[in-house]
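A quick write-up on the structure given underneath.
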Amino acid sequence: MIDIQKITAIDVHTHAEVSCCQPHDDYRSEFDVAFAKYFKSDKRPTMQETADFYRDINMALVMFTIDSEHEVGKKRIPNIEVAECALKNDDVMIAFASIDPHKGRMGAREARDLIENYGVKGFKFHPTVQGFYPYDKMAYHLYEVIAEYKLPMLFHSGHSGFGSGVRGGGGLRLEYSNPMHLDDVAIDFPDCPIIIAHPSWPWQDEALSVAMHKPNVYIDLSGWSPKYFPKQLIQYANTMLKNRMLFGTDFPLITPERWMKDFEEAGFKDEVKPLILKENAIKMLGLK
C-alpha cells in the first residue's frame, strides 16, 4: 500500500523497457537504433530496478509497456509481468496494462483478467504506434471493460519519438495522436479519467481545449523537460486546469531529478506545484 503522506510525488508515466521472462525482440531493430539516437540514450533498466530507484527517491510510479504487435509486429512485454512486479512493490508501484485495440473481444477478455486477478489500475494506449484513431469503435470492446471499473485510460499524444528517423517513419502515422480525437472517447466514457500524455506538440491547444471542455480529461506533463513546455500549457496549469495536471517523466527517457529541477524554474505557481506532483494523481487514481 502506498503511503500517500510519505511520498513526495507520483510519476504517472514510466515505461517497462525490459522483460525478465523473455528475450528482447529485435524483429525491427531499425526502431531501436533510431529510438536510441533520438533520445540520446539506450538505457533500459529492469522493472525491479525502476521500482527500487523510485523507492530510494521517495516517489511512487505508474508503469506500463506498449502493445504494438499489430502495427509494428514486435512481441510485447507481458502485462502480467508488469502487474506482478507492482504487486511485489505495492509500496511504490502501480501497474497499468497495454492491450492493442485490434485484439477486439480477446483483448477485452485480457483486460478483465488483468483487472480482476492482477490488480491492474489503468490502461495505456499509443495511437501512432498501435495504428488506430482513439474514437474508432473497434477499440470500444476494450474501452467498455475498462469503463465498467471506471479506470483511467492514458493516451499518447503529439509527436512520437518512436519511429522518428526511420525510413518513412516506419509507416507510423503521427495524425492518429492528435488529442482532439479523444473528444469522442471522453464523451462516450465520461466516468473514466482520460489522460492526454505529454505536451501535445504540434497540437497543444487542442489538448488544452479538450481538457477544458471535458471534466474527466487530465494532462500528464511527461516526455519533455518543463523548461521546454509551451507557455500556454504553463498558463492553464497555473489557472483553469490546475486540478487536472499530472506529474510524469517518461522514465527512463527523462529522470525525475532532471524533470524536478527544471519544474522549479519553469514558472509554475508554488500553490499549484503540490497539486501537479501528487494531489491530482491521488484523486485521479483513487488512492484515498
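The values are calculated or read from the model by the stated rules, or taken from the named source; none is laboratory data. Every value quoted in this text rests on a predicted model; they were computed, and no experiment measured them. In this analysis, Cβ positions are derived from the backbone assuming ideal geometry, glycine residues included, and neighbour counts consider all displayed protein chains.
Tabulated data
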read-out: Looking only at the range 134-156, and only at residues there that are aromatic (Phe, Trp, Tyr) and within 17 Å of the chain's Cα centre (by Cα), the one that is surrounded by the fewest Cβ atoms within 10 Å (Cβ to Cβ); value: Tyr143
read-out: The range 165-194 residues that are in a loop (DSSP other than H, G, I, E, B), paired with ones that are of a type in the set (A, V, I, L, M, F, W, C) and at pLDDT 95 or above (beta carbon under 6 Å, 6 or more apart); value: Asn178/Trp203; Phe189/Ala147; Cys192/Ala147; Cys192/Met153; Pro193/Met284
read-out: Lys227 touching an Asp or Glu at 6+ places or on another chain (Cβ under 6 Å) and among the charged types (D, E, K, R); value: yes
read-out: Pair list, Cβ under 8 Å, 6 or more apart: the range 261-279 residue at positive phi, other residue of a type in the set (Gly, Ala, Ser) and in a loop (DSSP other than H, G, I, E, B); value: none
read-out: Where a residue in the range 127-145 is within 13 Å of Leu182 (Cβ to Cβ) and in a helix (DSSP H, G or I) and its partner, wherever it lies, is hydroxyl-bearing (Ser, Thr, Tyr) and at pLDDT 95 or above, with Cβ under 6 Å and at least six apart; value: Pro127/Tyr176; Pro127/Ser177
read-out: Subset of the range 56-71 (residues that are of a type outside the set (A, V, I, L, M) and crowded, with 18+ Cβ neighbours inside 10 Å); value: Phe64, Thr65, Asp67, Ser68, Glu71
read-out: Matching residues, the range 84-101, being surrounded by fewer than 21 Cβ atoms within 10 Å (Cβ to Cβ) and of a type outside the set (A, V, I, L, M); value: Glu84, Cys85, Lys88, Asp90, Asp91
read-out: Flag if Ser19 is polar (S, T, N, Q) and at pLDDT 95 or above; value: no
read-out: Among (1) in contact (Cβ under 8 Å) with a residue 60 or more places away in the chain; (2) touching a helix residue (DSSP H, G or I) at 6+ places or on another chain (Cβ under 7 Å), the one test that Val210 misses; value: (1)
read-out: Residue list for the range 42-55, filter: without any contact (Cβ under 8 Å) to a residue 60 or more places away in the chain and surrounded by fewer than 20 Cβ atoms within 10 Å (Cβ to Cβ); value: Asp42, Thr46, Gln48, Glu49, Asp52, Phe53, Arg55
read-out: Qualifying residue in the range 82-105 (condition: touching a Ser or Thr at 6+ places or on another chain (Cβ under 8 Å), closer than 29 Å to Glu30 by Cα and part of a helix (DSSP H, G or I)); value: yes
read-out: Within the range 23-68, tally of residues that are over 18 Å from the mean Cα position of the chain (by Cα), in a loop (DSSP other than H, G, I, E, B) and modelled with pLDDT under 95; value: 10
read-out: Test for Asp184: is it among the charged types (D, E, K, R), out of contact with any helix residue (DSSP H, G or I) (no Cβ under 9 Å at 6 or more places or on another chain) and more than 24 Å from Phe123 (Cα to Cα); value: no
read-out: Selected residue [surrounded by fewer than 21 Cβ atoms within 10 Å (Cβ to Cβ), touching a residue at least 40 places away in the same chain (Cβ under 8 Å) and in contact with a helix residue (DSSP H, G or I) (Cβ under 6 Å, 6 or more places away or on another chain)] from Leu287, Leu253; value: Leu253
read-out: Single condition Ser200 does not satisfy, out of (1) crowded, with 16+ Cβ neighbours inside 10 Å; (2) assigned to a loop (DSSP other than H, G, I, E, B); (3) small (Gly, Ala, Ser); (4) modelled with pLDDT under 95; value: (4)
read-out: All positions within the range 213-222 that are in a strand (DSSP E or B) and in contact (Cβ under 8 Å) with a residue 40 or more places away in the chain; value: Tyr218, Asp220
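So that you can scan it fast, the table gives a plain yes or no per residue for (1) surrounded by fewer than 22 Cβ atoms within 10 Å (Cβ to Cβ); (2) over 19 Å from the mean Cα position of the chain (by Cα):
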| residue | (1), (2) |
| --- | --- |
| Gly73 | yes, yes |
| Val82 | no, no |
| Lys103 | yes, yes |
| Arg109 | yes, yes |
| Gly119 | yes, no |
| Thr128 | no, no |
